[in-house]
Amino acid sequence: MSLTDQPTLKLNSPIRASHLINGVYTAPIKTFADERGQFMETFRREWFPWINWDKMQTNRSDSKKDVLRGLHYHHHQIDYWYVSRGVVRVGMVDLRPSSPSYRAIEVLEIGDTNNVGVFIPVGVAHGFLALTDVTLTYLVNNYYDSGKDERGVAWNDPDINIPWGIEAPQMSPRDIENRRLKDIPQNELPAK
């Protein structure tokens, strides 16, 4: 299996597959502006037809500059992120042992300077650092269930080594307590 073994995209699809992590996609967002303001389409179900969106939930996260959220990963939920204000540095690591990109990392800056949506599959740990004050909206394909689905790994785990570019971010107590990957029991990690 290679990184090219991803779902087949429609010929005119705006989404683009990552060259680093299998199953991660970016969706360049077109802006239509005139003297009145602007309009943009930030998401369509048909961009990701292999995903069941029956339990779609939309969330909004507002963060101040230098806030780091994550790293989180899910067993039963994908995320689709869009920054509507500001700029974030997204950090991801593939935790799926059966993936051809297992343990690969990817870092993207998205928002005002790179207007894209980011699709993050099940089993890929993800987080973001607010480079400015930001508003991030995200869609998920399952209702939130922190007890059964969401897990975390240390944002600064040296075995993952995401280049965040910050030494002391502002973080939630929950994210500060995330363990290093080597200390997480196997049954809490993605199975596939």
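Only the coordinates and a few stated rules stand behind these numbers; no lab work does. Not measured: the values here are computed from a predicted model. All Cβ positions, glycine included, derive from the backbone under ideal geometry; neighbour counts span all protein chains shown.
For the chain, what's the relative contact order in percent, using C-alpha pairs closer than 8 Å and at least 6 residues apart?
RCO, the chain: 27 percent.
Where in the chain lies the longest segment free of GluC sites (Glu not before Pro) that are both loop residues by DSSP (not H, G, I, E, B) and have at most 10 other Cβ atoms within 10 Å?
The answer is 36-166.
What is the sum of charges, Lys and Arg at +1 and Asp and Glu at -1, for the other residues whose Cβ falls under 9 Å from the Cβ of Gly152?
Taking every other residue near Gly152 into account, the sum is 0.
Would you mind working out the magnitude of the charge dipole of the chain relative to its Cα centre, with +1 at each Lys and Arg C-beta and -1 at each Asp and Glu C-beta, to the nearest 20 Debye?
Charge dipole, the chain, about its Cα centre: 260 debye, nearest 20.
Taking K and R as +1 and D and E as -1, what net charge do the other residues with C-beta under 14 Å from the C-beta of Thr132 add up to?
-1
Round to a whole angstrom and tell me the spacing of the C-alpha centers of region 39-79 and region 142-178.
What the calculation gives is 16 Å, centre to centre.
Longest segment of the chain with no chymotrypsin sites (Phe, Trp or Tyr not before Pro) in a DSSP loop having at most 12 other Cβ atoms within 10 Å?
51-142
Counting other Cβ atoms within 10 Å, which trypsin sites (Lys or Arg not before Pro) in region 145-185 have at most 15 and lie in a DSSP loop?
Those that pass, being in a loop and sparsely packed, are Lys148, Arg179, Arg180.
Could you tell me which of Pro100, Asn59, Pro28 has its Cα farthest along the dipole of the chain towards the positive end, charges placed at Cβ (Lys, Arg +1; Asp, Glu -1), taken about the Cα centre?
My answer, from the dipole projection, is Pro100.
Just tell me which lysines come within less than 29 Å, Cα to Cα, of Lys30; anything on the same chain fewer than 8 places away is out.
Lys10, Lys55, Lys64, Lys65
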